[in-house]
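To keep things clear, I will list the structure first and then write my remarks on it.
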Number of protein chains: 2
Amino acid sequence: MKTVAIVGVGLIGGSFGLALRQAGFNGEIIGVSSARAVQAGLRAGAISTVATLQEAATRADLIYLAQPVDRILETLESLGPIAPPGCLITDAGSTKAAIVRKAALHVRAAAFVGGHPVSGKELRGVEAAEAGLFRNRPYVLTPLDPADSEALQEFRSWLQRIGAHVVEMTPEHHDATVAFTSHLPQLLSSALAVTLARQPNPNVQRIFGAGLLDMTRLALSSSELWLSILETNKHAVAEALESAIKVLVEVKDAFDRENLMNLLDSGRVFASTLRAAQHVLPEDSSTPPGTFPY
Amino acid sequence: MKTVAIVGVGLIGGSFGLALRQAGFNGEIIGVSSARAVQAGLRAGAISTVATLQEAATRADLIYLAQPVDRILETLESLGPIAPPGCLITDAGSTKAAIVRKAALHVRAAAFVGGHPVSGKELRGVEAAEAGLFRNRPYVLTPLDPADSEALQEFRSWLQRIGAHVVEMTPEHHDATVAFTSHLPQLLSSALAVTLARQPNPNVQRIFGAGLLDMTRLALSSSELWLSILETNKHAVAEALESAIKVLVEVKDAFDRENLMNLLDSGRVFASTLRAAQHVLPEDSSTPPGTFPY
């Protein structure tokens, strides 16, 4: 792998460039992004040169799509006809099934692997990028082809060198999982904010503490960005919402002290489990070609 | 006000003692609490002496109940017959109507004022107490008697000296407000954790980011503590849950891109409003006796 093209030089794309550099990659890193983003990317050292998608596609061994989900879908259509043999295309989108389906239509199976770095922070843009963003975090890969290409093996080994914990699963399993762990929390945060916004009582905007601020932080996210995530995971998101609504109805109807105590307790135990889990790193589950452990 | 008794020397009680000291109170501060808590309170300087509730009641000008809601209800029953005339009893419980009703049964109206410092942090216990906990935070008072007693005027002026923003309202209005701003976020956090705990998919405990940790932080709270809060605010909490469930059903059924965008946008706008509101301090709404502005 000598030349990498990063399409979308933002928080994730920029961090990937910085992480590669820190891990010893000394090839060319081409940035494909807005004029503002590539300038900032060059200054940050996340990319070493700038090109159009067409130019980058002819030169890169790895094309890393770090755009919003709807933009990744568009880029895959443009890339299909121009990506040279031997070049691996991957993406960092928050949903996988729609992207993998689109790639299957436009790109040879061996030349694409879906990815999702389960990393991130509140800030956006390459200015917030950091080499350590992927360190000790899960990085989901959803290979299409049971036979690992050489390019995929090399990409996976770079992910390991930047400290990510590679976990492989099907695109559908990925989407079903993040519907619960990412999209549901996001929508609960938005729904909480909407519920309060609808209250005529002006004191809901005055008599509140840190808990409400915590619980409405995700609601601050870009609606545009989230629409393209939710639209590519409708079925799983609806299922997650239904499960949560069912629990909320149970809480509302938990007239019995013991019932409510049991519900609160099971929530508390799970919340503690999550906190323990984040310190126990997922085992690296890169597996022999063709096996999907999950 | 020469002698203050703090019943329940934890985060709130301890912080009240420290705040009084910092604001120049140089009378006695009696701690009534477990042996462990009063020892820690003495070491922290939050209290200056230790007594039983009976002893404290005969000496204090102000009795500050900083226990969990169910314990406050019990303490009010014990205090009624022994509190001397001229002594003001107040509490720092998270709900007000049940406590105020109990006080009305056992304590003369002029001798009790319900309170709720809308302050707090994740840690519990007097070890986490700090003099600045109430600074620039709303402090709700729910006076029973339209005529201010001298003791209430003095207590309110101490609250102002410790930097709290006193807001007066009826107990019922307080409870209806915090059902939305505090109890609902709490239950959404627990419900999210319960929803995930019920998923058979083991990856919900592995493939998650900071957003899920944020959204399940409140679920870590003590179930015991929350039960007594929720049990004294059942009606308003059920209403808040119903409103949130209604919004979640709308989100689930928002098939139309524009509908979903509108929902996400209105949540985002409200979440920003809250953040602006926390920097704009509520106006001090201590009002002439007998008027309830809200």
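The values are calculated or read from the model by the stated rules, or taken from the named source; none is laboratory data. Here the structure is a predicted model, which is why all the values come from computation and not from measurement. Don't worry about glycine lacking a Cβ; one is built from the backbone with ideal geometry, like all the others, and counts go over all protein chains shown. Quick note on the areas: whole protein, heavy atoms, side chains included, nothing else; ligands and nucleic acids left out. Shrake-Rupley method; radii C 1.70, N 1.55, O 1.52, S 1.80 Å.
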statement: Going through (1) assigned to a helix (DSSP H, G or I); (2) surrounded by 23 or more Cβ atoms within 10 Å (Cβ to Cβ) one by one, B:Gln54 fails only at (2)
statement: All-but-one check, A:Glu28 against (1) touching a helix residue (DSSP H, G or I) at 6+ places or on another chain (Cβ under 8 Å); (2) over 15 Å from A:Asp91 (Cβ atoms); (3) open to solvent by less than 30 Å² (accessible area, probe 1.4 Å), failing number (3)
task: Please verify whether the range B:111-119 includes one or more residues that are out of contact with any strand residue (DSSP E or B) (no Cβ under 9 Å at 6 or more places or on another chain), modelled with pLDDT under 95 and open to solvent by less than 50 Å² (accessible area, probe 1.4 Å).
output: no
task: Among the residues of the range A:180-217, write down those that are farther than 25 Å from B:Glu122 by Cβ and out of contact with any Leu (no Cβ under 9 Å at 6 or more places or on another chain).
output: A:Ala197, A:Arg198, A:Gln199, A:Pro200, A:Asn201, A:Pro202
message: Out of B:Ala176, B:Ala191, B:Ala129, I need the residue that is more than 17 Å from the chain's Cα centre (by Cα), among the aliphatic types (A, V, I, L, M) and modelled with pLDDT of 95 or more. Which one?
response: B:Ala191
- request: For the range B:129-239, please list each of the helices (runs of 4 or more DSSP H) lying entirely inside it that holds at least 2 residues being away from chain A (no Cβ under 12 Å) and surrounded by fewer than 22 Cβ atoms within 10 Å (Cβ to Cβ).
  value: B:150-161
message: For the structure I just gave you, tell me whether A:Arg124 is out of contact with any strand residue (DSSP E or B) (no Cβ under 6 Å at 6 or more places or on another chain), basic (Lys, Arg), within 22 Å of A:Gly27 (Cα to Cα) and assigned to a loop (DSSP other than H, G, I, E, B).
response: no
message: Consider the range B:178-195. How many of its residues are out of contact with any Gly (no Cβ under 8 Å at 6 or more places or on another chain) and touching a residue at least 12 places away in the same chain (Cβ under 8 Å)?
response: 7
message: I'd like to verify a number: residues in the range B:240-258 that are facing another protein chain (nearest Cβ under 7 Å) and either touching a residue at least 12 places away in the same chain (Cβ under 8 Å) or not in a helix (DSSP H, G or I) (or both), how many?
response: 5
query: Just wondering, is there one or more residues in the range B:2-9 that are touching a residue at least 40 places away in the same chain (Cβ under 8 Å), crowded, with 24+ Cβ neighbours inside 10 Å and in a loop (DSSP other than H, G, I, E, B)?
result: yes
query: In this structure, is B:Asp265 out of contact with any Ser or Thr (no Cβ under 6 Å at 6 or more places or on another chain) and either on the phi < 0 side of the Ramachandran plot or open to solvent by less than 20 Å² (accessible area, probe 1.4 Å) (or both)?
result: no
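Listed here are the residues, each with its yes/no results for (1) assigned to a helix (DSSP H, G or I); (2) of a type outside the set (Asp, Glu); (3) within 16 Å of the chain's Cα centre (by Cα).
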{"site": "B:Thr58", "(1), (2), (3)": "yes, yes, no"}
{"site": "B:Ile72", "(1), (2), (3)": "yes, yes, yes"}
{"site": "B:Leu76", "(1), (2), (3)": "yes, yes, no"}
{"site": "B:Pro81", "(1), (2), (3)": "no, yes, no"}
{"site": "B:Gly86", "(1), (2), (3)": "no, yes, no"}
{"site": "B:Thr95", "(1), (2), (3)": "no, yes, yes"}
{"site": "B:Arg101", "(1), (2), (3)": "yes, yes, no"}
{"site": "B:Ala104", "(1), (2), (3)": "yes, yes, no"}
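Residues of the range A:40-51 being touching a strand residue (DSSP E or B) at 6+ places or on another chain (Cβ under 6 Å), in a loop (DSSP other than H, G, I, E, B) and buried (at least 18 other Cβ atoms within 10 Å of the Cβ), which ones?
Matches in the range A:40-51: A:Ile47, A:Ala51.
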task: Just give me the residues in the range A:84-98 being under 24 Å from A:Glu150 (Cβ atoms), hydrophobic (A, V, I, L, M, F, W, C) and touching a His at 6+ places or on another chain (Cβ under 9 Å), in sequence order.
output: A:Ala92
task: Return yes or no: is A:Arg124 among the charged types (D, E, K, R), open to solvent by 30 Å² or more (accessible area, probe 1.4 Å) and under 23 Å from B:Gln205 (Cβ atoms)?
output: no
field: Filter result for B:Gln160 (more than 24 Å from the chain's Cα centre (by Cα) and polar (S, T, N, Q))
entry: no
